[in-house]
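The structure appears below as structure tokens.
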Amino acid sequence: MPPRTRIFTPDELREIGVPNKLARDIAVADVHQANTYRAEIRTSLFRYEGAIWAVEYQRPLTKYQGFSNHGWLGTVTAWEMQPVQTVVTRWMLAGEPAQAHEASEAWQVETHHPVAGWRPQPPSYDNRDEAIHLLRWHCETRPEAEVRLIRATTTYAVERISL
């Protein structure tokens with residue numbers, strides 16, 4: 001069955017808040033796809049009319065590389081999405097087991113401003129207390145903005161390859 005699509009205009013997406021001003025109950029994810037010479041290509045996933053939709057958009061790499069409508073032209077195709085858990089097969093040398101290490105944590109402060117939307121605030125921290133210090137600083141210096149602390153946990157598998 002072919003994927004279900006829907007056509008939006010840039011104005012419709014702007015009214016919904018895609019990509020930078022999505023309300024919390026509408027936003028699902030925002031995923032980096034690639035970088036080009038001028039822009040970062042991202043995919044915004046959002047809830048609309050009972051489904052989850054994805055659209056690609058462009059974000060300038062610098063403030064000097066601006067363009068209008070996030071790189072969208074007359075219409076924007078959105079694809080209906082669904083969450084799917086998958087199993088990934090990794091190819092390794094025979095007899096060489098992968099050793100999983102403990103999960104590592106990174107703490108990131110994000111601010112939500114009525115105009116700019118959710119934005120990560122550099123840097124990210126390995127130490128929760130340092131991140132909370134930055135969180136408090138943002139709360140005091142930007143009272144008009146919502147602030148949240150994000151905990152990212154990653155488990156790495158180390159592969160030993162003998163050449």
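Using R0 = 30 Å, the C-beta based FRET efficiency linking MET92 and TYR37 works out to 0.25. Full extension of the chain between GLU12 and ARG142 gives 43.8 nm of extra length, using 0.36 nm per residue less the Cα-Cα distance.
Here the spin labels are modelled as points 7 Å beyond Cα on the Cα-Cβ line, and at MET1 and TYR64 they lie 5.1 nm apart.
None of the figures in this text is laboratory data; all of them are computed from the coordinates on show. The model shown is predicted, which means the values in this text are computed figures rather than measured ones. Glycine gets a Cβ as well: all are built from the backbone with ideal geometry, and neighbour counts include every protein chain shown.
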